[in-house]
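Peer 1: Take this structure first; my questions come after.
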Amino acid sequence: MESAAPSIDWSAELSRHRGWMLRLLRSRISDWHAAEDLIQDLAVSVLRQASLPTDPRKVAPWLYRLTVRQAVNFHRRSGLHKRYFQPGESIETALSRDHSPLDWIIATEEQQEIHRALARLRPRDREILQMKYGENWTYEQIADVTGAKLKTIEYRLMKARQNLRRELVNRRDIRELAAANEMD
């Protein structure tokens with residue numbers, strides 16, 4: 001007697017994974033309203049799919065691939081350049097804090113430098129750093145969503161941090177060299 005494959009409640013799965021799928025779309029397309037539209041389109045397309053994963057362990061990696069593909073297709077349709085990270089707060093919010101204008105300028109420049117360094121990283125490095133530090137996911141959660149092994153995630157995170165550090169140090173060295181040349 002054959003055992004039937006476990007039935008997956010796709011509405012429940014979409015609701016359960018909606019948060020990280022939406023954050024992934026927002027980080028890839030930088031337009032919150034478009035991300036909301038895309039997550040709805042993604043849900044409709046999942047529910048219309050003829051061939052869906054039957055293994056519950058493969059749901060998150062499959063949804064991850066679909067979400068990334070949705071963002072790529074959005075950029076293809078709109079012709080916009082990818083912009084993965086934007087400052088997390090508005091200028092008005094930053095100015096309203098009890099910091100001096102100099103503190104605000106320095107913090108803004110540092111944040112912009114980090115965003116530029118992140119933009120120079122490979123998309124896979126950006127995504128894994130976003131999941132770990134932007135979303136505070138555990139290694140296990142990242143492995144589940146991406147479908148990679150835990151050790152692979154640990155290694156990729158280590159390499160992504162090294163690459164980010166290298167980008168930041170290289171830019172800082174270039175700025176310091178340029179400043180030294182201006183003084184001469």
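Peer 1: If you check every pair at least six apart or on different chains, which have Cβ atoms under 7 Å apart with a residue in the range 47-65 that is within 17 Å of Arg18 (Cα to Cα) first and a residue that is of a type in the set (D, E, K, R) and assigned to a helix (DSSP H, G or I) second?
Peer 2: That search, which allows pairs on different chains as well, returns Val59/Glu13; Ala60/Asp144.
Peer 1: A further question on this structure: Among the residues in the range 31-38, are any modelled with pLDDT under 85, assigned to a loop (DSSP other than H, G, I, E, B) and either surrounded by fewer than 18 Cβ atoms within 10 Å (Cβ to Cβ) or in contact with a Gly (Cβ under 8 Å, 6 or more places away or on another chain) (or both)?
Peer 2: yes
Peer 1: Pairs please, first residue from the range 111-128 and more than 16 Å from Arg156 (Cα to Cα), second anywhere and among the hydrophobic types (A, V, I, L, M, F, W, C), Cβ atoms under 8 Å, 6+ apart in sequence or on different chains.
Peer 2: Glu113/Leu168; Ile114/Leu168; His115/Phe85; Ala117/Leu164; Ala117/Leu168; Ala119/Phe85
Peer 1: Right, something else. Would you mind finding the one in Ile142, Ile153 that is over 13 Å from the mean Cα position of the chain (by Cα) and buried (at least 19 other Cβ atoms within 10 Å of the Cβ)?
Peer 2: Ile153
Peer 1: Identify, by number, the condition in (1) at negative phi; (2) modelled with pLDDT under 80 that Gly79 doesn't meet.
Peer 2: Of (1) at negative phi; (2) modelled with pLDDT under 80, only one is false for Gly79: (1).
Peer 1: Here's a follow-up. Restricting to the range 103-133, name every residue that is closer than 20 Å to Thr146 by Cα and exposed (fewer than 15 other Cβ atoms within 10 Å of the Cβ).
Peer 2: Arg122, Pro123, Arg124, Tyr133
Peer 1: Are any of the residues in the range 24-38 β-branched (Val, Ile, Thr) and over 18 Å from Thr146 (Cα atoms)?
Peer 2: Yes - at least one qualifying residue is present in the range 24-38.
The values are calculated or read from the model by the stated rules, or taken from the named source; none is laboratory data. Values in this document were obtained by computation on a predicted structure and should not be read as measured data. Note: ideal-geometry Cβ built from the backbone for every residue, glycine included; neighbour counts use all protein chains shown.
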